[in-house]
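Here, each number is a calculation from the coordinates, and none is a lab measurement. Model, not experiment: these values are computed from the prediction. Cβ sites come from the backbone with ideal geometry, for glycine too, and all protein chains shown count toward neighbours.
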Amino acid sequence: VSEPSWRALSRSGDQVDVERCGDGPMLVRHADVIVDGSGKEHEVARPVVAVCTCEKSQRFPWCDNTHKAIRHR
Ligand code: FES
């Protein structure tokens, strides 16, 4: 699996935990912002967010479960 094109950052300098969730998204904890491949910042509003790794989500960088359709294609 290739590396995701985004980065998860914490403004307070906390350790950001990233854990792959099967062959779907990365579960990101303690992040304040996701910076996507084009440098755009996406505020993180929840303690844990599922961030897309397949790059096909309609709500990128958030996983919208499109990866399941891709896998079964
Ligand atoms: S990883 Fe779930 S939509 Fe991309």
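Brief remarks on what is shown
- Hits in region 1-52 - residues which are basic (Lys, Arg) and over 24 Å from ALA69 (Cα atoms): ARG7, ARG11, ARG29, LYS40, ARG46
- Among the residues of region 61-73, the ones that are under 14 Å from ARG7 (Cβ atoms) and near the ligand (Cβ under 8 Å from one of its atoms) come to 0 in all.
- Scanning region 23-55 for residues that are hydrophobic (A, V, I, L, M, F, W, C) and away from the ligand (no atom under 14 Å from the Cβ) yields ALA31, VAL33, VAL35, VAL44, ALA45, VAL48.
- For region 29-51, the count of residues that are in contact with a helix residue (DSSP H, G or I) (Cβ under 7 Å, 6 or more places away or on another chain) and among the small types (Gly, Ala, Ser) is zero.
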